[in-house]
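Everything on this sheet refers to the single structure shown next.
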């Protein structure tokens, strides 16, 4: 059983639906979100910002009351999905590490992360996140679109590089599917030969990526090819 309690103001809690990108993915009574068949209490908290922030505090309320942990939904909340179609719910969130990074909020990409309750903590489920590497045909098609976007970018000589956010958005999607090598290949295919700053972009991108709360997981050699 999942009981939902939502904090909508600093001192007010109501029983109400969780904020979710997809209302079809909100847990139903009788479902466990920790795969241990124990009843859970989910306290969803909204900070009151324009588009941020959503935090989910998860408790076990069976024979023992126990705090299990908190999950940051940041700007997009949390989706509860039966990814394996076996009744076990995973938490799907988005990593907003690149929010406002060389782009406005509306152009800021975020990568999807699938979380599973493992050994007393919610951690990325890397096996479910892993996808086949994109084909050369797919990479070239993406690169062609990114090259077009480069043409719309206004160069700023005060910046180390000028590039469209669609570039690192595509790179993040590829990296978070376990294919970092393909992400670097896309960068090489996409960056115009007459455009300076590629090496500086790569260095800055890696530095920003390393600040992600999920970096220690997605950077594992066993995950990336």
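The values are calculated or read from the model by the stated rules, or taken from the named source; none is laboratory data. In this text the structure is predicted, and so the values were computed from the model without any measurement. Note that we place each Cβ from the backbone using ideal geometry, even for glycine, and neighbour counts take in every protein chain shown.
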Out of the residues in region 201-225 that are buried (at least 16 other Cβ atoms within 10 Å of the Cβ) and closer than 13 Å to residue 96 by Cα, state the one that is farthest from the chain's Cα centre (by Cα).
209
Yes or no: residue 88 within 11 Å of residue 115 (Cβ to Cβ) and at pLDDT below 85?
no
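Every residue, every condition in (1) surrounded by 16 or more Cβ atoms within 10 Å (Cβ to Cβ); (2) in contact with a strand residue (DSSP E or B) (Cβ under 7 Å, 6 or more places away or on another chain), yes or no:
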site	(1), (2)
42	yes, yes
61	no, yes
67	no, yes
85	no, no
92	yes, yes
97	yes, no
Does region 167-182 include one or more residues that are assigned to a helix (DSSP H, G or I) and over 25 Å from residue 131 (Cα atoms)?
no
Residue in region 176-187 that is in contact with a strand residue (DSSP E or B) (Cβ under 7 Å, 6 or more places away or on another chain), under 23 Å from residue 217 (Cα atoms), at pLDDT 95 or above and buried (at least 19 other Cβ atoms within 10 Å of the Cβ) present
yes
So residue 194, is it over 26 Å from residue 71 (Cβ atoms), without any contact (Cβ under 8 Å) to a residue 12 or more places away in the chain and outside any helix (DSSP H, G or I)
yes
Does region 143-156 contain any residue that is in contact with a helix residue (DSSP H, G or I) (Cβ under 7 Å, 6 or more places away or on another chain), touching a residue at least 24 places away in the same chain (Cβ under 8 Å) and part of a loop (DSSP other than H, G, I, E, B)?
no
With the structure loaded, tell me whether residue 130 is in contact with a strand residue (DSSP E or B) (Cβ under 6 Å, 6 or more places away or on another chain) and either surrounded by fewer than 16 Cβ atoms within 10 Å (Cβ to Cβ) or not assigned by TED's automatic domain parsing to the domain that holds residue 88 (or both) or whether it fails that test.
no
Criterion (more than 22 Å from residue 210 (Cα to Cα) and not assigned by TED's automatic domain parsing to the domain that holds residue 52) met by exactly one of 110, 106:
106
